[in-house]
Amino acid sequence: MTEQVVRILGASGSGLSAAERAEIEAEMRHYPDPRAASIEALKIVQQHRGWVSDESVRAVAELLGITAADVDGVATFYNLIYRHPVGRHVIKVCDSIACHLTGYDEVRDALYATLGVVHGGTTADGRFTLLPICCLGACDRGPCLLIDDDLHGPVDPAAVAALLDAYP
Amino acid sequence: MSLRSHADPDYQRPLTRLIDAAAGPLELRGYEAEGGYGALRKAVRELTPADVQTIVKDSNLRGRGGAGFPTGVKWGLMPMGPDAGAKYVLGNADEMEPGTFKDRLLMEQAPHQLIEAMCVAGYGLQATAGYIFLRGEYVDAAARLNHALAEARAEGYVGRNVLGSPWSFELYVHTGAGRYICGEETALINSLEGRRAIPRARPPYPQIAGAWGRPTVVNNVETLANVPHIVQNGAQWFRDLGADRSSDGGTKLYGCSGRVVRPGCWELPIGTTAREILEDHAGGMRNGRPPKAWLPGGASTDFLLAQHLDLAMDYATIGNAGSRLGTGLMTVVADDQSMVAACRNLEEFFARESCGFCTPCRDGLPWTVKILREFEAGRGTRADLELLHKFTQWLGPGRTFCLHAPGAMEPLQSALKYFRAEFEAGLAPAG
């Protein structure tokens with residue numbers, strides 16, 4: 001099958017799993033309008049699949065009773081929703097002012113050198129995706145970063161490689 | 001995160017008194033043993049909603065999220081009465097102002113305080129439901145708030161007929177998926193509704209037509225956290241806190257970051273001077289470098305200078321000095337750090353976080369960044385320097401749909417005013 005046919009038939013990861021559907025429906029009950037669950041729905045899909053595909057956008061739209069364009073408008077607006085596949089671990093490096101003043105540039109350069117990718121990139125082995133992120137609310141620990149949900153800081157640029165070792 | 005000041009003076013810290021970061025947040029029973037949910041009990045059993053609103057108004061509590069708007073006035077626009085229908089109170093927990101790390105502390109270490117605050121505010125406003133709009137990255141805060149919320153619901157503080165009264169109140173934790181603009185209250189409402197976080201036109205104000213077109217009040221986490229204490233102890237008690245330093249009343253979660261010895265966040269009497277925060281609490285600058293400039297409360301506040309450090313950190317004093325108190329968490333630039341680079345960093349942030357709805361912001365901010373990068377590389381031109389000055393007007397108040405771009409211009413206009421020589425040093429040799 002061509003990729004296009006796969007997309008139309010939804011043969012790869014089409015629809016929503018029973019677990020995804022149940023979690024999204026639970027969120028929908030928190031609001032007077034199901035549309036309000038759209039961001040949470042995308043986060044649930046991403047939790048299960050790692051990213052949000054076109055098929056998932058359509059499936060979420062159908063469940064919420066809104067258009068796929070509306071859902072994609074939301075998915076592409078919010079930076080914590082990934083519309084492309086990402087690595088097994090996502091590194092989000094704070095590049096706001098407090099971290100800028102405490103050594104963001106050195107941490108970024110160390111990550112670039114260690115990973116061999118720049119912001120927006122995923123390592124060839126699919127292990128890490130590197131992204132910049134705005135202030136993480138941990139300015140007392142700058143320069144700081146998130147790996148998945150774990151906050152690290154202050155990060156020593158010389159110890160970046162060792163830090164990454166904990167995320168196989 | 002250290003809470004007590006280094007000197008540990010004897011002052012009241014209502015918002016952080018129960019916080020012991022090493023021990024973790026208090027569970028329901030521990031919170032109740034310290035008087036927790038007493039304000040909700042008092043409000044629901046002894047006070048009318050109008051009484052609660054009057055106490056908050058008389059306290060002179062002002063918004064701690066950055067704008068400083070009087071909370072009682074904000075609440076006073078909410079339609080009241082038995083026919084008001086569905087109404088909402090929203091906790092703005094989308095803490096994303098660069099340099100700000102206070103609401104994280106309150107939510108991670110005192111989740112029940114925020115749950116109680118949402119309930120007391122909900123009662124005072126006769127809201128039918130509340131949402132805590134929490135930024136997506138604060139996963140620990142989300143877990144602790146949801147745990148506390150489940151405990152509160154099981155105890156009858158949240159849900160149908162709160163504490164056996166006729167008033168019912170549902171409360172939810174809503175987590176976001178990024179974007180600084182969600183902190184703007186009408187953008188927050190759009191995001192809560194599951195839309196792109198683009199600000200809405202005002203009027204109508206959210207109190208008239210907010211979430212799902214219903215009357216809605218949006219308050220910052222720290223603002224809300226004050227409410228139970230004010231209801232419990234009275235408006236006069238609040239106004240007396242810090243009265244020897246400022247007429248604002250209350251305490252403030254202040255903080256300090258940048259190259260300082262002990263970066264941190266401390267609850268201090270409002271009106272504490274910037275110098276006390278920097279030197280007594282944060283231990284001064286690292287390596288003995290003098291401070292050159294500082295943002296009083298986030299990326300969208302004007303830079304002040306070392307000569308302003310003795311000013312009281314309250315709304316009027318910092319305003320009169322040409323800046324804004326903002327969130328009250330200072331970011332300090334050392335004398336050997338570049339103001340051009342600092343501005344470039346700040347404007348990169350604002351450019352990336354623009355929602356893209358209006359042209360001056362969407363196109364003007366990336367243009368600003370492009371010019372600043374040229375100056376940082378020593379390739380600036382006189383024409384571009386004048387353009388930066390013009391941008392501070394063209395992207396200023398009244399020219400854009402919301403305050404995102406005007407906020408972005410605050411640090412830039414002050415840096416151009418105070419540090420013009422640093423910008424001129426970035427001119428190309430031929431320029």
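The values are calculated or read from the model by the stated rules, or taken from the named source; none is laboratory data. Keep in mind the model is a prediction, meaning the values are calculated, not measured. Glycine gets a Cβ as well: all are built from the backbone with ideal geometry, and neighbour counts include every protein chain shown.
Reported count of residues in the stretch A:153-168, each being charged (D, E, K, R) and either more than 23 Å from the chain's Cα centre (by Cα) or more than 13 Å from A:LEU115 (Cα to Cα) (or both), is 1. The stretch B:74-181 holds helices (runs of 4 or more DSSP H) entirely within its bounds, and those carrying 1 or more residues that are more than 14 Å from chain A (Cβ to nearest Cβ), of a type in the set (Phe, Trp, Tyr) and in contact (Cβ under 8 Å) with a residue 40 or more places away in the chain map to B:111-125. Residues that are closer than 13 Å to B:LEU427 by Cβ and in a loop (DSSP other than H, G, I, E, B) within the stretch B:358-401 comprise B:ALA377, B:GLY378, B:ARG379, B:THR381, listed in sequence order.
Residue-by-condition table, conditions (1) among the hydrophobic types (A, V, I, L, M, F, W, C); (2) touching a strand residue (DSSP E or B) at 6+ places or on another chain (Cβ under 8 Å); (3) surrounded by fewer than 19 Cβ atoms within 10 Å (Cβ to Cβ):
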{"position": "B:MET330", "(1), (2), (3)": "yes, yes, no"}
{"position": "B:ASP335", "(1), (2), (3)": "no, yes, yes"}
{"position": "B:ASN345", "(1), (2), (3)": "no, no, no"}
{"position": "B:THR359", "(1), (2), (3)": "no, no, yes"}
{"position": "B:ARG382", "(1), (2), (3)": "no, yes, yes"}
{"position": "B:LEU387", "(1), (2), (3)": "yes, no, yes"}
{"position": "B:ARG399", "(1), (2), (3)": "no, no, yes"}
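Put simply, of B:ALA235, B:ALA274, B:ALA282, B:ALA225 the only residue that is over 16 Å from B:ASP58 (Cα atoms), at pLDDT 95 or above, aliphatic (A, V, I, L, M) and in the same structural domain as B:THR100 (by TED's automatic domain parsing) is B:ALA225.
Would it be correct to say that B:THR71 is surrounded by 24 or more Cβ atoms within 10 Å (Cβ to Cβ) and in the same structural domain as B:TYR180 (by TED's automatic domain parsing)? Yes, satisfied. The set of residues from the stretch A:131-168 being touching a Phe, Trp or Tyr at 6+ places or on another chain (Cβ under 8 Å) and away from every other protein chain (no Cβ under 14 Å) comprises A:LEU164, A:TYR167. If the condition is being part of a loop (DSSP other than H, G, I, E, B) and at pLDDT 95 or above, then the stretch A:1-30 contributes A:LEU16, A:SER17, A:ARG29, A:HIS30.
Within the stretch B:9-27, the residues that satisfy the criterion of being modelled with pLDDT of 90 or more and under 21 Å from B:ASN226 (Cβ atoms) are B:GLN12, B:ARG13, B:PRO14, B:LEU15, B:THR16, B:ARG17, B:LEU18, B:ILE19, B:ASP20, B:PRO25, B:LEU26. Could you check the stretch A:31-64 and list, in sequence order, the residues that are at negative phi, small (Gly, Ala, Ser) and in a loop (DSSP other than H, G, I, E, B)? A:SER53 - this is the single residue of the stretch A:31-64 that is at negative phi, small (Gly, Ala, Ser) and in a loop (DSSP other than H, G, I, E, B). If the condition is being assigned to a loop (DSSP other than H, G, I, E, B) and crowded, with 20+ Cβ neighbours inside 10 Å, then the stretch B:284-323 contributes B:PRO296, B:GLY297, B:GLY298, B:ALA299, B:SER300, B:THR301, B:ASP302, B:PHE303, B:MET313, B:ASP314, B:SER323. With the condition kept exactly as written, say whether any residue in the stretch B:154-177 is of a type in the set (Gly, Ala, Ser) and either under 19 Å from the mean Cα position of the chain (by Cα) or not assigned by TED's automatic domain parsing to the domain that holds B:MET78 (or both). Yes - at least one qualifying residue is present in the stretch B:154-177. A residue that is buried (at least 24 other Cβ atoms within 10 Å of the Cβ), farther than 22 Å from B:MET80 by Cβ and within 14 Å of chain A (Cβ to nearest Cβ) occurs somewhere in the stretch B:197-209. If you go through the stretch B:324-349 and pick out every residue that is part of a loop (DSSP other than H, G, I, E, B) and of a type in the set (Ser, Thr, Tyr), you end up with 2. Only one entry of B:SER246, B:SER191 meets the criterion of being within 24 Å of B:GLY326 (Cα to Cα), of a type in the set (Gly, Ala, Ser), in contact (Cβ under 8 Å) with a residue 40 or more places away in the chain and within 14 Å of chain A (Cβ to nearest Cβ), and that entry is B:SER191. Quick one: would you say B:ILE19 is in a loop (DSSP other than H, G, I, E, B), among the β-branched types (Val, Ile, Thr) and in contact (Cβ under 8 Å) with a residue 12 or more places away in the chain? Yes. The residues listed here are B:GLY283, B:GLY250, B:GLY288, B:GLY255; of these, the one that is under 17 Å from B:TYR11 (Cβ atoms), out of contact with any strand residue (DSSP E or B) (no Cβ under 6 Å at 6 or more places or on another chain) and not charged (D, E, K, R) is B:GLY250.
Look at the stretch B:339-357: where a residue is basic (Lys, Arg) and a partner is in a helix (DSSP H, G or I), sitting 6+ places away or on another chain with Cβ atoms under 7 Å, you get B:ARG344/B:VAL369; B:ARG344/B:LEU372; B:ARG344/B:ARG373; B:ARG344/B:GLU376.
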